[in-house]
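A quick write-up on the structure given underneath.
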Amino acid sequence: MVNKPNFLSGSGQDHFRPELQVESPEGELHLRFYIPSHQEFALPATGIREVMELSPDRITPIPNASPLLLGTLNLRGRVIWVADLGQFLGQATALNTDRAEIPVIAIEEQDTIVGLAVEEIGGMDWLDVQYLVLPTHVPDTMAPFLRGEWLLDAQNHQCLRLLDQMAILRSARWAG
């Protein structure tokens, strides 16, 4: 008689292997990323259509457009605007587009899609929104687009700011 492991009860040799243990996530899934001023932000994964690393020549500049717009991009047959997120949030440091690839986060609400060009993608993380606090030391240009912040290191004033993608998509700054 062959002794077969019972996979339903979790018994057997694999039961104690840590690489097979699934971590139970706390909170909601978020994408973490940085803008050129080295500030870290997050967006809820539910509103993100796609994350891309694009060659700068795939973004077509538009003459006489707002300085915060890098241009347009063809995303599977749809033309979408691509903005420098740091400049959109009022930061003076412009995104360096003289490099091999630019990270772009496509956010979506109903039929509106906008690409947000960022400095660097940090990765996905489970974050609990119940630990959000009101943002502190935030410029007036950034405040309307923040839902809150997580305090990562109080001594060094390091925080992770949660952006409100609906506020970004509905902003009057796109008209300027």
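The values are calculated or read from the model by the stated rules, or taken from the named source; none is laboratory data. Note that the structure is a prediction, hence the values are computed from the model and not measured. We place every Cβ from the backbone using ideal geometry, glycine too, and count neighbours over all the protein chains shown. We work out accessible area using only protein heavy atoms, side chains counted, and drop any ligands, DNA or RNA first. Shrake-Rupley method; radii C 1.70, N 1.55, O 1.52, S 1.80 Å.
Would you list ARG147, ARG32, ARG78, ARG173 from the most to the least accessible area, probe 1.4 Å? Can you show the working numbers first?
Working: ARG147 115, ARG32 45, ARG78 90, ARG173 70 Å².
Heavy-atom accessible area, descending, gives ARG147, ARG78, ARG173, ARG32.
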What does the convex hull of the Cα atoms of the range 32-170 come to per residue, in Å³, rounded to a whole number? 121
Please report the projected area of the range 85-167's Cα convex hull averaged over all directions, in nm². 6.9
Out of the GluC sites (Glu not before Pro) in the range 30-129, which ones are loop residues according to DSSP with at most 16 other C-beta atoms within 10 Å? GLU101
With the dipole of the range 110-176 worked out from charges on the C-beta (+1 for Lys and Arg, -1 for Asp and Glu) around the Cα centre, which of TYR131, VAL114, LEU152 lies farthest toward the positive end? VAL114
What is the log10 of I(q)/I(0) for the range 75-120, computed with the Debye formula using one identical point scatterer on each Cα and no solvent, at q = 0.22, 0.25, 0.26, 0.27 Å⁻¹? -0.80, -0.95, -0.99, -1.04
How far apart, in nanometres, would the label points at HIS157 and GLU50 be if each is projected 7 angstrom from Cα along the Cα-to-Cβ direction? 3.9
Charged-residue dipole, Cβ positions (Lys, Arg, Asp, Glu), the range 55-176 about Cα centre, Debye nearest 20: 360
When the chain is fully extended, how far beyond the present Cα-Cα distance does GLU26 get from ASP140, taking 0.36 nm per residue of separation? 37.9 nm
DSSP bridge pairs, the range 35-156: antiparallel proportion in percent, nearest 5: 85
Mind giving me the nanometre distance, one decimal, between the label points for ARG76 and VAL133, set 7 Å out from Cα along Cα→Cβ? 4.0
Residue separation between ALA94 and LEU169 times 0.36 nm, minus their alpha-carbon distance, gives in nm 25.0 nm
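Quick one: net charge of ARG49's neighbours, Cβ under 13 Å, K/R +1, D/E -1? Mind dumping the intermediate values first?
Details: positive: ARG76, ARG78; negative: GLU50, GLU108, GLU109, ASP111.
Net local charge, ARG49 excluded: -2.
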